[in-house]
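What follows is a short report on a single structure.
Laboratory data are not the source of any read-out in this text; all were calculated from the coordinates shown. Everything quoted here is computed from the prediction, not taken from an experiment. Because the Cβ atoms are built from the backbone with ideal geometry, glycine has one as well, and the counts that use them run over all protein chains shown.
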Amino acid sequence: MAAKKKPASAPPTKRNSATIEAREGETVSKAKARIVVNPTFNAAIVERKIIGGIVSGINLSLTDIHTALIEKFRPVVRENDMSSVEAMLLAQAHTCDLIFNDYALKAMVSDTMPKLEAYMRMALKAQQQSASTLRVLGELKSPKQIAFIKQANVAHQQQVNNCTAPPTRAHEESSNQSNELLEHQHGERLDTGTAGQAGRGNQTLETVGTIDRAKD
């Protein structure tokens, strides 16, 4: 009795391939080029490479990851919902904190100074990155207020004066103070119109006599 032939099994589906659908009036080559330059698709390739494509025994394709990323990014792009971004930054800060603690523990049990320095250097770098990520998260949740100062245009009130500048108020006050000081000391104002008398040092000088002029 002849043995029954088993039906040929279908070839295994390549789970790392992505389904590309061409738009209306678009060729297949243009559709592939559009997908290749898509940042979300490139992120899906990297993510699948990191996780190995298998999560909890389920093999995820590029199409599955790409679709999930599109659904994740849509609220941020179209609705300005930053909740997923905030969760990502918080997760990154937490991961950096875990790296800090891991290298700090390794530094404590290191047996040589070079290992101690290397572990502590990596730990402090992770600590700084965690703090920087939390700072960005804080600025995202509470943006800084920018003050706009309105500048008044007073150009029509300005006047250009090319002559000598008038004395300043400080100079006027100084002159007034000097006059008041002289009045206080001498009891009278300065009389600039009265001619001064000759002092004792000029006693040898006499009044000039009449000069004989020519009769013509």
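Highest mean packing first, where packing is the average number of other Cβ atoms within 10 Å per residue, the peptides 52-63, 119-130, 34-45 line up as 119-130, 34-45, 52-63. Centroid-to-centroid, using Cα positions, region 50-81 and region 86-112 are 27 Å apart.
When the listed pairs 32/125; 72/144; 115/141; 49/125 are checked against a 32 Å cut-off, the alpha-carbon distance exceeds it for 32/125; 115/141. Counting every Cα pair in region 82-142, what percent are over 17 Å apart? Counting pairs separated by more than 17 Å, the tail of P(r) holds 44 percent. Dipole size of region 35-140 about its Cα centre, with +1 on Lys/Arg Cβ and -1 on Asp/Glu Cβ: approximately 260 debye, rounded to the nearest 20. For residue 23, neighbours were defined as the other residues whose beta-carbon sits under 14 Å from its Cβ, and their charges (Lys and Arg +1, Asp and Glu -1) total 0.
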